[in-house]
Each structure stands twice: as structure tokens, then as C-alpha cells.
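> Below is the structure I would like to discuss, written out as C-alpha cells.
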Amino acid sequence: MTAPFARTCLAAAFTALGAPWALAQATAELDTITVHGNYNNAVGTSDAASQGVVTAKLLESRPTLRPAEVLEFVPGVIVTQHSGDGKANQYFLRGFNLDHGTDFATFVDGMPVNMPTHAHGQGYSDLNWLIPELVERLNYRKGPYAAEDGDFASAGSARLRLFDSLPRGIASLTVGENNYRRALVANSTALTTGQLLYALEGAQNDGPWEHPEKFHRLNGVLRYSLAQGDTKSSLTAMAYAAHWNSSDQVPQSAVDSGQIGRFGTLDPSDRGRTRRFSLSYDLLHSMDDGDFKLNAYAIQSQLELVSNFTYFLDNPVDGDQHAQAEHRKVVGLNTSRSWNTTLAGHDSTHTVGLQVRHDRLGPVGLYAAQDGQRLDTNTRESTVRQTSLALYAENTTRWTPWFKSVAGLRADQLHVDVGRTTNISAGDKTASLGSPKLSLVFGPWAKTEYFVNHGQGFHSNDARGIVSAVDPAPALVRSKGVELGVRSELIPGLQTSLALWQLNLGSELMFVGDAGVTEPTGASQRHGIELNNHYVATPWLLFDLDIAASQARFKDVQGDAPNAGRYIPGSVNTVASFGATITELGPWFGQFQWRYFGPRALIEDNSQRSKSTLLAYTRAGYKISRDLKLSLDVFNLFDRQASDIDYYYESRVSPTADASSQVHFHPVEPRTFRLTLSANF
């Protein structure tokens, strides 16, 4: 059935692209066509073909190996891991190896997930504190086309919204192989005139690793929400703690020689520990002429990662292990006011917004380590004060029944102050940047609409690199994007979106294996095509098919001779996924998810490439009663031996071995079963 389905989707997309412009003289079809399924992406609901909303229905139906895999519901996003369940995941989108989140901005209830000037990597996005069952919806965008999106949003953004009140209480228990256990209790209850939502989650996992991961996670959420007339508000407290033994990437030569197994490690003392606490407030006040929104947050987090990526390369006696650690406090505010009015006699909405964020790191550092403990030598440590301020304005006007424009302008300022340093430059710097945005929406005609999007965005660099006395990095790196798209519902039950895009970036952020951090490199250009399809075959059977192809190149030759070239290491060329969801076939429900992650260059001259990764997840479930259900999740259904991620860099696998440049990989976990008993109350 897959091949005919794919042909139908492609035919719909190209039929839509070929729709004659003579239809512009016909009566516009303004009624919104609603397809009840996994995505809320109906014609007339977005400003770009690559923009959309994922519903709680899909979030509930699809199995996820790790919490951050909820972002794979964004078409074209790949989420992997290279260092254990407690560390931020690796993300890929639109030809980017986003490392831990460098150019993809993520928010949960308005709180930013990306962390600038992070101990492990710029834009580090740890979502392990997310409880997927609490996510009400996921709004996503791709490209720098929205005035609301600023730092780290060049490739796109995702905004997750949690439930104010759960439809029903949840109590679930999951057991699986390798000592996997997870328990969750969540519910909502009336309290005075509002609703109190609470959730408590605990999990543990050893994984398939020869040195057990011993991952433990404890997570809690408490939210009070209130709806009074035209005003809705919520106050949310979150707490999260985790610790684990790291399962970092391993050198291919050590596995081939039998020095370690595929799931082994060269340094079993690698580990991690993290904590996160947050308090956030959200307000929406509706008025006769528009809306007022306010979001404020305070976050406190700690992280310590002990890693050894090069083993004995720099220190053949004691090894190359290092610790990356930080203590961070963040406060921020997002607020906006919109007015529904007219412009030259046409319906129009004006929006102005303010965004402020302040990070205090005391300290953030890189330390030499041995056997999992910090040493007093080779320490690079500093305190950082970083403040970002943004003002934006946006106008949305429907000029005719078949033409709408969205024009925006954003101004950002970043101030960094690096002080109290050890073996690193100190100083302060301020930088500013303006970013214009424009989207044009045409149609719908024949249940099809067309999009033209153009915009500029940026990502910031690590504050320590910005103030460096030697080869300082630019504070703000501009990106420029353009996109042409079409969305159609010409075939009943099928939503099809096609997007052609290009993105230029002033400087890449690249992973450096020996330091375990990211560093800025040369300018780049990416372009690609995306085809997304969501089909409701019957009230109980849903299909999703997403295909993305892209090319990423440096504008100038990068890297060291003799391997210099223009390929961007880790940039994926092809991503595809197919999903089939059974919602209510009597007492049965289930889901099958297949994803393809194509080969990619590992160094600049493309002489070293990774292999592709093809994985399948599945879920089979049975409703024992209205309030009780049992489900079995199977990850890596066909037990394929593949890589979560691959790198190519120099290392030394033992004190007596020769140093060599080689592939280092993190294996995907073998076929894994998890059984969940869930009760509603």
C-alpha cells in the first residue's frame, strides 16, 4: 500500500503546483477545510507550507524512546543520541547537524530550552525534563520567517504547550528490557476557582551497554491555571534531576579489533549529572480589539558532564578525560499586544512584542579529569553575564479574499560580560542586529494555497569566544532564508505540503571532538525540498509520509589539507519517514513508524561518509476497559545494526597505540520491548 500512497501524494503535490493562475478570477474558497487527524494543518491555518501544529492525538499514539523524540513529530526532524539518556539529544533538520540545538529554537510554555554559552555546546537543548503525556500541542515553523522567532531559529522553531487541565487522570507503569522502569501519575483537580494539575514521573534504565548506564530520572510538574472571563492565566513549577553513566561514541577500530564490544566503552568512568528547576507565569487577556500576552520565567540549572572523546591522544599516561560543568540562572520576559483593525480598508492585525532574557553562569568551565573526578590542572573557567533584548513588530493584512501578507521587523541586542576567568580571555561586548521578515499567502483556489516566504534571522556565539583575545567570534551571525510552498487538500482526506527552500548562514557551528564543544567556522549555503503528507483513510486509520532532501556546502573551502573541502560535516542529505496509526479499531489501537536517515559527509572533502540509518518503531495496544489499557512498544523492530550518529576525528585508543583519524560512532540500541499498563481516572 505504501507505493500507491506515495504516488498519490506526489501526484497531488504536482497537480497543485500546476494549477493555472486563471483560477484567480474564480470565487475564492474561504471556508476552512478541516481534516481530523494527527496534524492541524488545514488550508488557511498557516503562513508557510512548512508551518503546522501537531495535536495531542498524535503525541499520544506514537511510541518514543526518549522524551525529546516528540520533536520528530515535526516533519523532517531527526532526534538521536551520542552520550546517554540524561544528556541533551542530537538534532538534525534541513541539512543541519544541529548538534544539541544550535539553530533550532525550542520552547516549552514560553520558556526557552536552548542555552547560550553552555558548558557543552552553544544552544544546548535538553528536553529530558519533558513529560510527553502533558503536551497538549506542538507548534512548529521552519526558516527565519516569523518576527516572534529570534536566536537559534534559523532552521526553525518548535513551541510546545502543556495542558492546563488533563481530560482525565493518568497512572501508568512501564517495564522493559535492560532494567527499564517508568512510573507516571498525573491529574487535574478543581482548586478554588481554578484547576490544579500535578504530575510526578520516575524512570530508570541500564540500556544495552556493557557498562550499565544506571540512568535515574525524577521529574515533577505543578500547575495552577485560572480562567476568568476574557483572561486566562497559569503558574507552573517544574523540578527535574537525573544522573547516569555515559555511553559516548566509540572508535570503529576498537570494535573491529575486539578491544571492546559494539556496546562497550574505552572509559567506563564517563558520567553525567543534571538538575533543573523552573517557575513560569503565562497570561492571555482577550479584548474587543485584540489580545495581550505575557510570559515570565525563572530557571535554575546545573550540569556536569565527564567525557573522554579522544582517550589517550593528548595524554598517553593519564588519558584525555575532561569535565564540563556549569551553574546557571535564567530570568526572562515575553510580552506582546495585538490589535485587530483595518489598513486601507482591509482587515488587518498589528502586533508588537518585547523579549528580554538574562543568563548568569557562575561558573562555567572545562576541567581536566581522571577516573570520573576533576583534577586541579588544565582548568578553563569563567563567570558569564549575558543579556538579550528584542523588539519586534508584525502586520498581517488580508488584501483580497485570495491574498494575505505578513510583514515583520525584529531588532535584537546582545550584551555579554565574561569575568573572573582562569586560562581564558575576559571582557565584555555588545552587538545589535535587525531582521526583516515577509510572507505572502495566495489562495485558496481548488482547495490549494501558495506561499512565498523571505526572512533574516541569526544565531549567537558563545560569549567566551566573542570576547576572546585571539580570533574572536562574531557575537551575532546572520542567516537569510527564502521559501516557496504549496498546500493542498484537493484529494479528500489528504493534506499535502510541498516546500522549496534556501538558507544562507554567515558562520557554521561545528562539533570539535577533542574538546567536546562547538566552534564557529565558515559561511554556508543550504537548499532543499520537502514533501509532507497526512492522510485520513478511515476514521480509525491515519497515514503520514514525509520526505526531505537537501544539500549543504561551505561557501569557501574549509578544513585542513589534505582533507580541505566545502562539505559540511554531519549535514544530512535525505530524511524520510512513514507512519500508520490505528486509533480505534474496536478495543485495538496501534502505530507503526519508519524513519530513514541518509548518509552524510563526515569531513570537509567528503572522503569519509557515514552509512544510512533505517529504523522502525511499533506499538500494539488493547483497551481492557474504558479506563484501562495495555500497550507493547517495540523499538528498532527489525534489530538493525546502525549508528545513532557518526564522527570522524583523531584519537588514540590505548597508551601504546598510534594516533589515528577514524570514524567514531554511537550504535542504535538493539530491538527493545517495553510494556505499559495505563489507567485513566
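The values are calculated or read from the model by the stated rules, or taken from the named source; none is laboratory data. Keep in mind that what you see is a predicted model, and the values were worked out from it rather than measured. Cβ sites come from the backbone with ideal geometry, for glycine too, and all protein chains shown count toward neighbours. Accessible surface areas use protein heavy atoms only, side chains included; no ligands, DNA or RNA. Shrake-Rupley method; radii C 1.70, N 1.55, O 1.52, S 1.80 Å.
> Considering each of LEU494, LEU500, LEU509, LEU490 in turn, give the residue that is under 19 Å from GLY156 (Cα atoms), surrounded by fewer than 23 Cβ atoms within 10 Å (Cβ to Cβ) and not polar (S, T, N, Q).
Values: LEU494 fails: under 19 Å from GLY156 (Cα atoms); LEU509 fails: surrounded by fewer than 23 Cβ atoms within 10 Å (Cβ to Cβ); LEU490 fails: under 19 Å from GLY156 (Cα atoms).
The match here is LEU500.
> Of the residues in segment 305-325, how many are in contact with an Asp or Glu (Cβ under 8 Å, 6 or more places away or on another chain) and in a strand (DSSP E or B)?
Pass one, segment 305-325, residues in contact with an Asp or Glu (Cβ under 8 Å, 6 or more places away or on another chain): 306-314, 319-321, 323-325.
Among the residues that remain, those that are also in a strand (DSSP E or B) are: 306-307, 311, 323-325.
Residues meeting the conditions: 6.
> Quick test for you: out of THR430, THR421, pick the one residue that is within 30 Å of SER246 (Cα to Cα), polar (S, T, N, Q) and open to solvent by 10 Å² or more (accessible area, probe 1.4 Å). Talk me through it step by step, then tell me what you get.
Numbers: THR430 fails: within 30 Å of SER246 (Cα to Cα).
Every option except THR421 fails the conditions.
> Continuing with this model, one more query. Write out, first by first residue and then by second, each pair whose Cβ atoms fall under 7 Å of each other, whose residues are 6+ apart or on separate chains, and whose first residue, in segment 643-667, is basic (Lys, Arg) while the second is in a strand (DSSP E or B) and surrounded by fewer than 21 Cβ atoms within 10 Å (Cβ to Cβ).
So the pair list comes out empty.
> Within segment 267-282, take every residue that is in a loop (DSSP other than H, G, I, E, B) and open to solvent by less than 40 Å² (accessible area, probe 1.4 Å) and give me the one that is nearest to ALA323 (Cα to Cα). Lay out the reasoning, then the answer.
First, pick out the residues of segment 267-282 that are in a loop (DSSP other than H, G, I, E, B): 267-270.
Now restrict to residues that are open to solvent by less than 40 Å² (accessible area, probe 1.4 Å): 267, 269-270.
Numbers: ASP267: 13, SER269: 11, ASP270: 9 Å.
Among residues in segment 267-282 that are in a loop (DSSP other than H, G, I, E, B) and open to solvent by less than 40 Å² (accessible area, probe 1.4 Å), the one nearest to ALA323 (Cα to Cα) is ASP270.
> A further question on this structure: Residues to consider are ALA146, ALA227; find the one that is within 30 Å of ALA393 (Cβ to Cβ), among the hydrophobic types (A, V, I, L, M, F, W, C) and open to solvent by less than 40 Å² (accessible area, probe 1.4 Å).
Numbers: ALA227 fails: open to solvent by less than 40 Å² (accessible area, probe 1.4 Å).
From the options ALA146, ALA227, the qualifying one is ALA146.
> Return the only residue of THR310, THR377, THR351 being surrounded by fewer than 16 Cβ atoms within 10 Å (Cβ to Cβ) and either farther than 23 Å from ALA237 by Cβ or in contact (Cβ under 8 Å) with a residue 40 or more places away in the chain (or both).
On the way: THR310 fails: surrounded by fewer than 16 Cβ atoms within 10 Å (Cβ to Cβ); THR351 fails: surrounded by fewer than 16 Cβ atoms within 10 Å (Cβ to Cβ).
Just a single option satisfies the conditions, and that option is THR377.
> I need the full set of residues from segment 370-399 which are in a loop (DSSP other than H, G, I, E, B) and either among the polar types (S, T, N, Q) or in contact with a strand residue (DSSP E or B) (Cβ under 6 Å, 6 or more places away or on another chain) (or both), in order please.
Of the residues in segment 370-399, the ones in a loop (DSSP other than H, G, I, E, B) are 371-372, 375-379.
GLY372, LEU375, THR377, ASN378, THR379 - these are the residues of segment 370-399 that are in a loop (DSSP other than H, G, I, E, B) and either among the polar types (S, T, N, Q) or in contact with a strand residue (DSSP E or B) (Cβ under 6 Å, 6 or more places away or on another chain) (or both).
> Quick check on this structure: which one of SER488, SER479 is within 26 Å of the chain's Cα centre (by Cα) and among the small types (Gly, Ala, Ser)? Full working, then the answer.
On the way: SER488 fails: within 26 Å of the chain's Cα centre (by Cα).
That would be SER479, the only listed residue that is within 26 Å of the chain's Cα centre (by Cα) and among the small types (Gly, Ala, Ser).
> Can you work out which of the residues in segment 454-487 that are under 17 Å from ASN423 (Cβ atoms) and among the acidic types (Asp, Glu) is most open to solvent (accessible area, probe 1.4 Å)?
Top of the filtered list is ASP471.
> Hey, another quick one. Tell me yes or no: at least one residue of segment 380-400 is within 26 Å of the chain's Cα centre (by Cα) and modelled with pLDDT under 95.
Taking segment 380-400 as the starting set, the residues that turn out to be within 26 Å of the chain's Cα centre (by Cα) are 384-394.
In the following step, the residues that additionally are modelled with pLDDT under 95 were identified as none.
No: segment 380-400 contains no residue that is within 26 Å of the chain's Cα centre (by Cα) and modelled with pLDDT under 95.
> Would you list the strands (runs of 3 or more DSSP E) that sit entirely within segment 82-157 and hold 2 or more residues that are within 27 Å of VAL406 (Cα to Cα)?
Those strands (runs of 3 or more DSSP E) span 104-108, 135-142.
> Let me ask something additional. Which of the residues that make up segment 532-544 are open to solvent by less than 20 Å² (accessible area, probe 1.4 Å) and over 16 Å from SER61 (Cα atoms)?
ASN532, ASN533
> Take the residues of segment 24-72 that are assigned to a loop (DSSP other than H, G, I, E, B), closer than 25 Å to SER125 by Cα and among the hydroxyl-bearing types (Ser, Thr, Tyr): which is modelled with the lowest pLDDT?
The qualifying residue modelled with the lowest pLDDT is THR64.
> Restricting to segment 235-253, name every residue that is part of a strand (DSSP E or B) and surrounded by fewer than 22 Cβ atoms within 10 Å (Cβ to Cβ).
Hits for segment 235-253 are LEU235, ALA237, ALA239, TYR240, ALA241, HIS243.
> I'd like to know if segment 205-216 contains one or more residues that are on the phi < 0 side of the Ramachandran plot and in contact with a helix residue (DSSP H, G or I) (Cβ under 9 Å, 6 or more places away or on another chain).
Just the residues of segment 205-216 that are on the phi < 0 side of the Ramachandran plot, to begin with: 205-206, 208-213, 215-216.
From what is left, the residues that are in contact with a helix residue (DSSP H, G or I) (Cβ under 9 Å, 6 or more places away or on another chain) are none.
There is no residue in segment 205-216 that is on the phi < 0 side of the Ramachandran plot and in contact with a helix residue (DSSP H, G or I) (Cβ under 9 Å, 6 or more places away or on another chain).
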